[in-house]
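Step one of this worksheet: look at the structure below.
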Amino acid sequence: MNNLPYEIEAMELGPMENFIYLITDKKTGRTAVVDPAWDVPAILRRAKEKGVTITDILLTHSHHDHINGIEQVLASYDAQLHLSKPEAQFWGKHLDLPTLHHGGDIIRLGNTEITMLLTPGHTPGSACYHLGNDLITGDTMFVFGCGRCDLSGGDPEMMFDTLSRLGKEMPQSTVIHPGHNYSVQPTSTIEEEMEGNPFMHFHDKAGFVEYRMHIHDKVRHEPYQAVPVD
């Protein structure tokens, strides 16, 4: 039986196979939508079906495919928008929000505590959201992959540091929920990622950077499968 105070529901929406997540606090019905984009009517319809209220919007980063539904959600709900302060500065928007966060900040969704982790690499202020044994990873970590670093704001050296830190600091049983459905399975664990994600196999930054920037996209194609450690 699931005794967690929250539930996470994934919706795959849009032409880029985005995962939009609804995190609902079971006791209060307060719900956070993560990276609302593409088919907002479907998101709003699902919230109504569940009988919940969207009170918060959590952004992992500010690329268009993760934020193009914000205004539509705010037109229907008086929700608080949460993002990291570095990402707001990179984006150049929402710098006046009272809900800009630093790494380690806790967002309270009813009885559910959500910790924002600052995880730069895909963008300067990319964030993951940690609650219970779950980690919403956006474009920082995919199942058996990671986000590109050649787009605006990307930095492969920072991505190496971020992924190394997640691999060392997160419990191995942590379930990751990525920002796109790019793999043979929708979720995985940190343990599975350490074993099967080639980006988690590097111990030297230079090798990681070379692989991320010049090799990976030539040798791997979606859907990503596990790659054994050499």
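Data for the structure
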item: Angle in degrees between helix 40-50 and the longest Cα principal axis of the chain, rounded to the nearest 10; result: 60 degrees
item: Listed residues G154, I8, G196: farthest to the positive end of the dipole of the chain (Cβ charges); result: I8
item: Ranked list, fewest to most other Cβ atoms within 10 Å of each Cβ, for L59, L74, L151; result: L151, L74, L59
item: Angle in degrees between helix 156-169 and the longest Cα principal axis of the chain, rounded to the nearest 10; result: 70 degrees
item: Among S188, S76, S84, residue whose mean-square fluctuation peaks in a GNM of the chain (springs only between Cα atoms under 10 Å); result: S76
item: Unit charges on C-beta of K, R, D, E only; dipole of the chain, Debye; result: 500 debye
item: Straight-distance crosslink candidates among lysines, where the alpha carbon sits under 20 Å from K50 and sequence neighbours closer than 8 are dropped; result: K26, K27
item: Packing-based order for 99-107, 197-205, using average beta carbon neighbours within 10 Å, highest first; result: 197-205, 99-107
item: Fraction of antiparallel bridges per DSSP, the chain only, in percent to nearest 5; result: 65 percent
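A short reminder: the numbers here are calculations on the coordinates, not readings from a lab. Here the structure is a predicted model, which is why all the values come from computation and not from measurement. Every residue, glycine as well, gets a Cβ built from its backbone with ideal geometry; the counts of neighbours run over all protein chains shown.
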